[in-house]
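The next block holds one structure in the form of structure tokens; read it before the comments.
The values are calculated or read from the model by the stated rules, or taken from the named source; none is laboratory data. Computed from a predicted model, the values in this text were never measured in an experiment. Here the Cβ positions follow ideal geometry from the backbone for every residue, glycine too, while neighbour counts run over all protein chains shown.
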Amino acid sequence: MKELLILVIVSVFTLATYYLTETLPSKVNEIHAESHGFAYADLPALTKKGNAARGKALVMGAGACSGCHAITVAGNPAPMDPVTAASAYGVNPPDLSNVGAVYSPKFLAALIKNPAHALILEHKFNAKNGRSFPMPQFYGAGGDKDQEIADMVAYLQSIAVPKDKLTPDIAFQTACGRCHAVHYTKWTQIGQTPKFKKEQAKLEFRTKELNYQDSLIAYLGKLPPDLSMYIRSRGEEYINNFMEDPQNYIKGTAMPRVGVSKEGAEKVMDYLKKAGDPKAAERTSVGKDVMIFLVIFAIFAILWKKEVWKDLH
Amino acid sequence: MKNSSRRGFMGKAFGAVAAVGAVGSLYAMKKSWDPLPSVKAAGFTTIDLSDYKIANKMYVEGWRGKPIFVMKFTPEMIKKMEASDNKYKKNDIARNIVVDGEHFMVCIGLCTHLGCIPAYRPDKENFLCACHGGMYDFAGMVTKSPPPRGFDIPPFKVVGKTLVLGEEGPEYKKMLATGVTL
Amino acid sequence: MAHFTKATSIHDWFNQRLGIDTVNRVLATEYWIPKNINFLWAMGMILAVTFGLLLVSGIFLLMYYQPNIHTAFDSVNYTIMQQVDFGWLWRHIHAVSASVIFLIIYIHMFTGIYYGSYKNGREMIWISGMLLFVAFSAEAFSGYMLPWGQMSYWAGMVITNLFSLGGLHLNGLVEWIRGDYIPSQAFLDRFFMLHVLLIPLIIIALIGLHFGALRIPHVNNQDGEEIDFDVESKKYLAGDKANSKVIRFMNDFLSKDMAVVAIYLVFLFYLVFWNFGFAMDPINFDPANGLQTPRDIYPEWYFLWSYEMLRPFSTNFGLMTFAFAQGIMFLLPFLDRSKNAVAASRRGWFQVWFWLLLVDMIALSAMGKMPPSGIWYDIGFTAASLFIALWVALPIITIFEKKA
């Protein structure tokens, strides 16, 4: 029983060291942020019921969305290629095909109304410093402005992929992929890296990518990081809270609030898991097998010891 | 002694369990030596046969790091292959890949003797391997030892005017079955 | 030349040439170990097994790792972690074992201190063990550079800067160590060489020395009793195993070792699969960036106590206390003036000294990762001062120690 006591002492000091050098410092050093389930409580609730058909007319017409945005599913191609668009606006305006599935409808409405406010970028774009956000505010098309916005949101939702068909790729590419590269999935800010047969084609693509990144740097101040290993360098909780409101962790960051819905955020997380930690499931399953084996191994080792030591006492 | 045999048994049982663990680790070690997914994914190459316009000219492509000889035959060559009663040439025509009535040789450009790359001599319409003097006719069939057989043909699949190297199409499977290639 | 006869069996053939029976007797069946021991005596075997795991997993990492500042990070985090079958397993085993081996080293060291197993002829065991500790520290640090993440880069920057020796401003020495003005390609290449070749060779040689140092004085036992190994082993061989004070290394001691090792492996592999964060710092999953220092920067947990010996003081004095902490433990056999090689519980003030040292080193470790300000600074300063005081006090309290 003396050995048991020694084991208790060793374990207590080991666990105390672990607590003091791992658990406690991460609590002390952590910047605390809480998730509110992507509810965006600061934005006004949607009160009007939208009409998709009227919304379509607005998006394609008086709302003037299609002048800058591609809406591929509705047959509206991008007015410019990504590199040209970025040099004009700082960043390539998103294709609106699936925004209705990825973003929170509440956020979409607030964004149409006043982009800099919804994106929490008013510290950067305001009347005082004379800078305005590249996307103009929607001042209404003559009718009830809130109703018109609700119509446009309804239209965007009607053309987007249904919830059960929303893939991690669509969510990530729509919400994050115009600023962030993920080179482990071969994603660049101007799209998926194709297979190149010739060195020239490769260099051409790379040049476009670098030009696009230059526009981003001019627009944001620095190049947004490659997110390949973020699932392991930041972890799920951080990414989740950061996506909900980047100001949670970095005050004054150039990164806008993304405005994804809860489902959209989950899909983005799936994408990052696939990119940075695709072997997580294998780790658990192999781990279980190894543990079962080791427990059996330990039982046999103890039995062997007992046999050998029987006549040593 | 009854006691000692029982002790021996536990020791052996422990050893057996440890051996199971060792075999398990060996499995993981073996898997770690396998070619990577990126290597396997790069094992397919598509070539467009309409790119090879000039007949009796050797084109060299790459597939899985190996040189692939591609040559379009002239009508005279085809006639030669069809007419000849030479014992080698009887096999030649079966080696051809025919797409839209045009005959092509597509084969792995490594000598079947020890893997050197033979050179094509358009004037003599044959291949000569510099390493040990092995020779092949223009269709890739061996005409002079030491090579034991003609050039090997890579797995291919005909898709329209293109060939996907690395995939096994019906034409390739037939060649395998009839022993035209290994 | 020795006389060889026709072999009667394969065993005999080898025995005539290699003397395998003699080797087996000397190293295993008649290598005598005291019977009066507890599981803490199995730490050596645990260390050997863990070192074996590090060696094997390291071999597999070495096959895919690329020591190049542009490709190192991806060769680890993409090729090894995602492409190679079980590559993630080797890396997790390597990282977790590298961290846990220090826990076992510390337990092993404190066991030695507690039972006084470093004196009366066992000085070389302690000194060779301390050399191993230093070699393992160098091995851990050089290995930490290889993934070329943010922590690799900045740890490399900070630790090599220590060699400017504060007020001496030996910047030339720092550049010589790095092979550049900053940690770069030359730095990565030479630390790669150190990690996979030179230091492992030194470690293996030191393990040989450590084992050799055990032969003549034998290992200690729980009561510090001086055992006549000749008499006791004869008793054992005559069949009186129960009354003999010694046991064979094989299978007697080995079976106990294996039982402890097996239980340890359950614990180790739990960490490998589910709780590896302490050994694989999240910050190091960001690629090295020489233009941005991470917000939190700290060494691995096993270096924290010596790091905290540096931090609370001004640059030059801090370097001195740091050097003191690195060197003083080597002298333990000579600073302890008492002849008692028994458990600390029977040594009066030494017992107090032992537990204070243990708690103080844990406190230093804890403060090493806290922000160096406010209450954390005060605790760190006190703990660092206490550490020095303890070692200064050791000769004094042991000189007056009565015979146990």
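Within segment A:273-284, identify whether any single residue is in a helix (DSSP H, G or I), among the acidic types (D, E), within 8 Å of another protein chain (Cβ to nearest Cβ) and under 39 Å from the mean Cα position of the chain (by Cα), and answer yes or no.
yes
Could you tell me which residue of segment C:346-383 is nearest to C:T398 (Cα to Cα), considering only residues that are of a type in the set (G, A, S) and out of contact with any helix residue (DSSP H, G or I) (no Cβ under 6 Å at 6 or more places or on another chain)?
The extreme case among them is C:G348.
Are any residues in segment C:214-246 of a type in the set (V, I, T) and within 17 Å of C:G121 (Cα to Cα), and if so, which ones?
Matches in segment C:214-246: C:I216, C:V219, C:I227.
Do we have any residue at all in segment C:373-395 that's outside any helix (DSSP H, G or I) and surrounded by 13 or more Cβ atoms within 10 Å (Cβ to Cβ)?
No, segment C:373-395 contains no residue that is outside any helix (DSSP H, G or I) and surrounded by 13 or more Cβ atoms within 10 Å (Cβ to Cβ).
Does segment A:85-92 contain at least one residue that is surrounded by 11 or more Cβ atoms within 10 Å (Cβ to Cβ), more than 10 Å from every other protein chain (Cβ to nearest Cβ), without any contact (Cβ under 8 Å) to a residue 24 or more places away in the chain and under 23 Å from the mean Cα position of the chain (by Cα)?
There is at least one residue in segment A:85-92 that is surrounded by 11 or more Cβ atoms within 10 Å (Cβ to Cβ), more than 10 Å from every other protein chain (Cβ to nearest Cβ), without any contact (Cβ under 8 Å) to a residue 24 or more places away in the chain and under 23 Å from the mean Cα position of the chain (by Cα).
Quick check on my filter: what residues within segment C:76-97 are surrounded by fewer than 23 Cβ atoms within 10 Å (Cβ to Cβ) and among the hydroxyl-bearing types (S, T, Y)?
Within segment C:76-97, C:Y78, C:T79 meet the criteria.
For segment B:31-47, state whether one or more residues are modelled with pLDDT of 85 or more, more than 25 Å from B:P155 (Cβ to Cβ) and within 10 Å of chain C (Cβ to nearest Cβ).
The answer is yes; a qualifying residue exists.
Being assigned to a loop (DSSP other than H, G, I, E, B), out of contact with any Lys or Arg (no Cβ under 7 Å at 6 or more places or on another chain) and surrounded by fewer than 19 Cβ atoms within 10 Å (Cβ to Cβ) narrows it down to one residue among C:G121, C:G208, C:G167, C:G116; which is it?
None of the others qualify; the one that does is C:G121.
Within segment A:53-93, track down each residue that is part of a helix (DSSP H, G or I), out of contact with any Pro (no Cβ under 8 Å at 6 or more places or on another chain) and not small (G, A, S).
Within segment A:53-93, A:R54, A:K56, A:L58, A:V59, A:M60, A:C65, A:T72, A:V73, A:P82, A:V83, A:T84 meet the criteria.
Residues that are outside any loop (DSSP other than H, G, I, E, B), at pLDDT 85 or above and not small (G, A, S): does segment B:92-103 have at least one?
no
At pLDDT 95 or above, within 21 Å of the chain's Cα centre (by Cα), surrounded by 15 or more Cβ atoms within 10 Å (Cβ to Cβ) and among the β-branched types (V, I, T): is that true of A:T185 in this structure?
yes
Here's a check for you: in segment B:141-182, which residue that is touching a residue at least 40 places away in the same chain (Cβ under 8 Å), among the hydroxyl-bearing types (S, T, Y) and out of contact with any Leu (no Cβ under 8 Å at 6 or more places or on another chain) is farthest from B:W63 (Cα to Cα)?
Checking each candidate, the answer is B:T143.
Could you say whether any residue in segment B:8-27 is assigned to a loop (DSSP other than H, G, I, E, B), within 8 Å of another protein chain (Cβ to nearest Cβ) and at pLDDT 85 or above?
Within segment B:8-27, not a single residue is assigned to a loop (DSSP other than H, G, I, E, B), within 8 Å of another protein chain (Cβ to nearest Cβ) and at pLDDT 85 or above.
Taking the criterion of being over 28 Å from A:L111 (Cα atoms), assigned to a loop (DSSP other than H, G, I, E, B) and not acidic (D, E), would at least one residue in segment A:291-301 satisfy it?
Scanning segment A:291-301, I find no residue that is over 28 Å from A:L111 (Cα atoms), assigned to a loop (DSSP other than H, G, I, E, B) and not acidic (D, E), so the answer is no.
In this structure, is A:S261 over 16 Å from the mean Cα position of the chain (by Cα) and touching a residue at least 60 places away in the same chain (Cβ under 8 Å)?
The answer is no for A:S261.
Which of (1) in a helix (DSSP H, G or I); (2) within 30 Å of C:E226 (Cβ to Cβ); (3) in contact with an Asp or Glu (Cβ under 9 Å, 6 or more places away or on another chain) does C:A186 not meet, given it meets every other one?
All conditions are met except number (2).
Within segment A:50-70, can one find any residue that is free of Cβ contacts under 8 Å to residues at least 60 places away in the same chain, exposed (fewer than 11 other Cβ atoms within 10 Å of the Cβ) and over 23 Å from the mean Cα position of the chain (by Cα)?
Yes, there is a match, as at least one residue in segment A:50-70 is free of Cβ contacts under 8 Å to residues at least 60 places away in the same chain, exposed (fewer than 11 other Cβ atoms within 10 Å of the Cβ) and over 23 Å from the mean Cα position of the chain (by Cα).
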